[in-house]
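The structure appears right after this line, and notes come after that.
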Amino acid sequence: MELRYSPADIESKWQTYWAKHELYKAPEKTDAETKGKFYALSMFPYPSGDLHMGHVRNYTITDVVARVRRMQGYRVLHPMGWDAFGLPAENAAIQRGVPPAEWTLKNIEQMREQLKALGLSYDWNREVATCLPNYYRWTQWIFLQFFDAGLAYQKEAAVNWDPIDQTVLANEQVDSEGKSWRSGAKVERKLLRQWFFKITDYADRLLADLDQLSGWPERVKTMQANWIGKSTGAQVTFKAESGEDLLIYTTRPDTLWGATFMVLSPEHSLINSLTTPEQADAIKQYQDAAANLSTIDRTAEGREKTGVWTGSYAVNPVNDQKIPIWTADYVMMDYGTGAIMAVPAHDQRDFEFARKFDLPVEVVVQPEDESFNGKTMEQAYAHSGVMVNSGPLNGVIAGKGEGESVECAIAYLEKQSIGQGTTNYRLRDWLVSRQRYWGAPIPIVHCPSCGAVPVPDSDLPVELPTNAEFSGKSVASLAKFDDWVNVSCPNCQAEAKRETDTMDTFLDSSWYFLRYADANNQSEAFSKTKVDDWLPVDQYVGGIEHAILHLLYSRFFTKVLKDRGLLSFDEPFQRLLTQGMVQAITYKTAEGKSIAATNITDLDNPTDPETGDPLQVSFTKMSKSAFNGVPPAEVLAKYGADTARMFILFKAPPEKDLEWDDADVEGQYRFLNRVWRSVTEFSQMENAASFETIKGIEQTKLSKEDKVLRRATHTAIKEISEDIEGDYQFNTAISELMKLSNALNDTKDKATVAFAEGIYSLVLLIAPFAPHIADELWSQMAKGSVHQQAWPVVEADALVADEITLVIQIMGKTRGTLQVPAGADKAELENYARESEIAQKYLEGKEIKKVIVVPGKLVNFVAV
Ligand SMILES: [Zn+2]
């Protein structure tokens, strides 16, 4: 038989075998099962058409987890699908004149083949694509669940409006000069009615339940906690001289006595009534200018402060001082109340504003060792100290955002009935409507008399009109399809119009992990029994870029659906792993421009082909712009999927960044070749021990050499089993595989049952990592697929060492080793060493001054 390892021959063969025998089909629950279920999930991809190395890494990590759990006897669900709505498909449609559905489905075909070539153990029966009516029907149904619960509502919101294309643009489609990427028109800010999900109702639970997520990286939980941004403070009412109540929120009510002016957001509803006729023009101009700026521009740190006085005053309720009311764009309408008290002595932005417009600065917190003067201080003081100039609070200790002074101030405000303690969140309601074609239509009909009416469940899905036309300049919008838009009201049958907005694609991905549990259900989004059986996901794997939005929205959906009685768990993902990036070498000019390696003559001394200047070499994330991507297909064609998988798992622990290295890929290929040779030689031996035989090994009857080899085998089983638990140290697991392989190669007598056990174990242990070669080798020596065998179990007896290797040193220099009984004490070890040939040879004619014994390791003779 041919002894050569040829991945191209065996990989497609085994992929076909697995599919034919439905090896990875997720079994439904039975009474007989002992281990229970395991749900392994990778974040599903956007079907761009091309798989990149980042995907390969993500999916391989999850695949190893799934394969190990299967061999350990769990009932495993490991599905895959497509996050298939969204802008790139629409852009491709505009550029190429292909309908988004066609482009998307073609890409899915292509990527599915690429995934299959990697040998990933998916249950393809459960594949979902969010752009298909049989999926988005249920996304629409879930939208209506939110609507019914009062969690979906409409309100006016500012959007980017392209006046030429007459369309709304995403922030990413507005260039740095504020112009539309497509039409080049200056983008306007426009108020439009938009759909929102009331995620703020769940802010407290989304924050508190982070404590349940012990299997999540701390970093991700911190990012979510910061995004939710809970703060405690007070709401205080200031009275304008003209009589209006101006409500403010502050986390530092203790500094109220230092408020020397107020600032309202330019969008604040009271601005116009507060503005005096003399100031009206200036205010109007300022509002118009602010309307054209993004939140990021307005709130950027260190930006030159701008603002206009309204002409009127308010009264500070704690000290009755008259303070001017200004408007400035650094105050946002959607944080707090859209109005702030400005305390320039203790807030840097207020300080900058006060200095620019020559407003008073009043110090109310003094540090112990310094004394500030509001007229001369050079920046705001935001640290602890003692309250001064603060009436009843004078002398109280003040800390930043917390401490005694805040509590004292809240108590005082509540007693005087001028304010109250309150909790505030940074989290805003989620804007879910998009004015685009390629998304799930929002299933609402607008009726002149009934208002927003949900489309009845029996009429779902509301399908996208398919006769859309895409061209270079025009964007398809659902509003253009008259036949589709004009319907009768489901309530009163009067003439009505469909909602023409589609849903944010983040809605599609906020529940896909539930659909996998019951992917082919035609009458429900999912059955409660099935989601309660499979969920929560036991191991979720994906990129850190989803730390906030996707993971927060999915948690929100789960809580809402639980409150609707549709499922029984609070959190969707028990454990989360955020895999590191795949990086490769980039060559950059001093200006930061990347140069492709193919354009560089000498890679050892890389220089700019145009200027001859030396280039900087570093590792950065693989990307088109850095010219450093390695197409997975190339690696697969050259080495096969098993080598690609082994390299990716071996090169770095899963959560760390990985540096691509061709030599290390080659190294893994050579390792698989060694495994191939050892196992093939074994299986071709006459009388090779069968898999059944090795189950009855009696430790006491083994020879010394057999015991040593057996210890190597069971050490590998023990170490690898530990590495694939907990933090998934796949890299060290592969090192252990190499050690076992070496031990087997070094064994002289290969006709023993201990050797056979080593060989079978090696193939079983390598199976989750390199599934094709493992199955091919298994088929040469045993029945069935290796992936349906039980994970090997460590035998404690086999791990006990009868002997240890003792190192003999003379004057600290190693001169040789000696096999000695494992149980020997210090004195016995010294005796063995003294009597050894090594010692006798090197100590001849010398006087031993001192003997150092390290039990279990070495004996060192100090002799002259
Ligand atoms: Zn109606």
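The values are calculated or read from the model by the stated rules, or taken from the named source; none is laboratory data. This is a predicted model, so every value here is computed, not measured. Note that each Cβ is placed from the backbone with ideal geometry, even for glycine, and that neighbours are counted across all protein chains shown. SASA here: full protein model, heavy atoms, side chains in, ligands and nucleic acids out. Shrake-Rupley method; radii C 1.70, N 1.55, O 1.52, S 1.80 Å.
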(message) Considering only residues that are assigned to a helix (DSSP H, G or I) and exposed (fewer than 15 other Cβ atoms within 10 Å of the Cβ), which ones fall in segment 642-663?
(response) ASP662, ALA663
(request) Return yes or no: is TYR59 over 30 Å from MET685 (Cβ atoms) and either open to solvent by 10 Å² or more (accessible area, probe 1.4 Å) or touching a His at 6+ places or on another chain (Cβ under 9 Å) (or both)? (result) no
(message) If I filter segment 62-105 down to residues being in contact with a helix residue (DSSP H, G or I) (Cβ under 7 Å, 6 or more places away or on another chain) and of a type in the set (D, E, K, R), which single residue comes out as surrounded by the most Cβ atoms within 10 Å (Cβ to Cβ)?
(response) ARG67
(message) Of the conditions (1) within 30 Å of GLU524 (Cα to Cα); (2) open to solvent by less than 50 Å² (accessible area, probe 1.4 Å); (3) in contact with a strand residue (DSSP E or B) (Cβ under 9 Å, 6 or more places away or on another chain); (4) of a type outside the set (D, E, K, R), ALA597 satisfies every one except a single condition; which number is it?
(response) (1)
(request) Would you mind finding the one in GLU495, GLU545 that is of a type in the set (Asp, Glu), within 16 Å of the ligand (Cβ to nearest atom), open to solvent by 50 Å² or more (accessible area, probe 1.4 Å) and without any contact (Cβ under 8 Å) to a residue 60 or more places away in the chain? (result) GLU495
(request) Kindly indicate whether any position in segment 609-621 is open to solvent by less than 30 Å² (accessible area, probe 1.4 Å), under 26 Å from PRO217 (Cβ atoms) and under 27 Å from the mean Cα position of the chain (by Cα). (result) no
(request) Only residues in segment 284-299 that are at pLDDT 90 or above and of a type in the set (Phe, Trp, Tyr) count as the first member; pair them with residues that are crowded, with 16+ Cβ neighbours inside 10 Å and assigned to a loop (DSSP other than H, G, I, E, B), Cβ under 8 angstrom, at least 6 apart or cross-chain, and list the lot. (result) TYR286/PRO266; TYR286/THR306; TYR286/GLY307; TYR286/ASP329
(request) Give me a count of the residues in segment 151-193 that are under 30 Å from LEU460 (Cβ atoms), surrounded by fewer than 16 Cβ atoms within 10 Å (Cβ to Cβ) and in contact with a helix residue (DSSP H, G or I) (Cβ under 9 Å, 6 or more places away or on another chain). (result) 2
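Per-residue answers, yes or no, for (1) open to solvent by less than 60 Å² (accessible area, probe 1.4 Å); (2) within 30 Å of ARG219 (Cα to Cα); (3) of a type in the set (Gly, Ala, Ser):
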{"site": "ASN467", "(1), (2), (3)": "no, no, no"}
{"site": "LYS480", "(1), (2), (3)": "no, no, no"}
{"site": "VAL485", "(1), (2), (3)": "yes, no, no"}
{"site": "ASP538", "(1), (2), (3)": "yes, yes, no"}
{"site": "VAL541", "(1), (2), (3)": "yes, yes, no"}
{"site": "LEU552", "(1), (2), (3)": "yes, yes, no"}
{"site": "LYS559", "(1), (2), (3)": "yes, yes, no"}
{"site": "ARG564", "(1), (2), (3)": "no, no, no"}
{"site": "LEU567", "(1), (2), (3)": "yes, yes, no"}
(message) Return the pair list, or none, for Cβ contacts closer than 9 Å from residues in segment 467-487 that are farther than 13 Å from GLN95 by Cβ and assigned to a strand (DSSP E or B) to residues that are open to solvent by 40 Å² or more (accessible area, probe 1.4 Å) and modelled with pLDDT of 70 or more, at least 6 apart or on different chains.
(response) ASN486/GLU495; ASN486/LYS497; ASN486/ARG498; VAL487/GLU495; VAL487/LYS497; VAL487/ARG498
(request) Identify the single condition in (1) assigned to a helix (DSSP H, G or I); (2) open to solvent by 40 Å² or more (accessible area, probe 1.4 Å); (3) of a type outside the set (Phe, Trp, Tyr) that GLU776 does not satisfy, given that it satisfies every other one. (result) (2)
(request) Looking at (1) in contact with a Phe, Trp or Tyr (Cβ under 6 Å, 6 or more places away or on another chain); (2) within 16 Å of the ligand (Cβ to nearest atom), find the lone condition where LEU514 falls short. (result) (2)
(message) It is to be established whether one or more residues within segment 713-726 are within 27 Å of GLN539 (Cβ to Cβ) and touching a Pro at 6+ places or on another chain (Cβ under 7 Å).
(response) yes
(message) So in segment 459-492, with the set limited to residues that are away from the ligand (no atom under 16 Å from the Cβ) and either at pLDDT 95 or above or among the acidic types (Asp, Glu) (or both), which one is farthest from ALA185 (Cα to Cα)?
(response) LEU460
(message) Could you tell me how many of the residues in segment 715-742 are open to solvent by 30 Å² or more (accessible area, probe 1.4 Å) and either outside any helix (DSSP H, G or I) or over 22 Å from ALA790 (Cβ atoms) (or both)?
(response) 9
(request) For segment 379-391, enumerate the residues that are part of a loop (DSSP other than H, G, I, E, B), over 18 Å from ALA342 (Cβ atoms) and under 46 Å from the mean Cα position of the chain (by Cα). (result) HIS383, SER384
(message) Which numbered condition in (1) modelled with pLDDT of 90 or more; (2) surrounded by 13 or more Cβ atoms within 10 Å (Cβ to Cβ); (3) more than 51 Å from the chain's Cα centre (by Cα) is the only one that LYS849 fails?
(response) (2)
(request) Could you please find all residues in segment 440-456 being assigned to a loop (DSSP other than H, G, I, E, B) and either of a type in the set (S, T, N, Q) or more than 12 Å from the ligand (Cβ to nearest atom) (or both)? (result) ALA440, ILE442, PRO443, SER449, VAL455, PRO456
(message) Restricting to segment 616-629, name every residue that is in contact with a Ser or Thr (Cβ under 6 Å, 6 or more places away or on another chain) and either closer than 12 Å to ALA590 by Cβ or among the aliphatic types (A, V, I, L, M) (or both).
(response) ALA626
(request) Among the residues of segment 310-326, count how many are closer than 15 Å to SER242 by Cβ and open to solvent by less than 50 Å² (accessible area, probe 1.4 Å). (result) 8
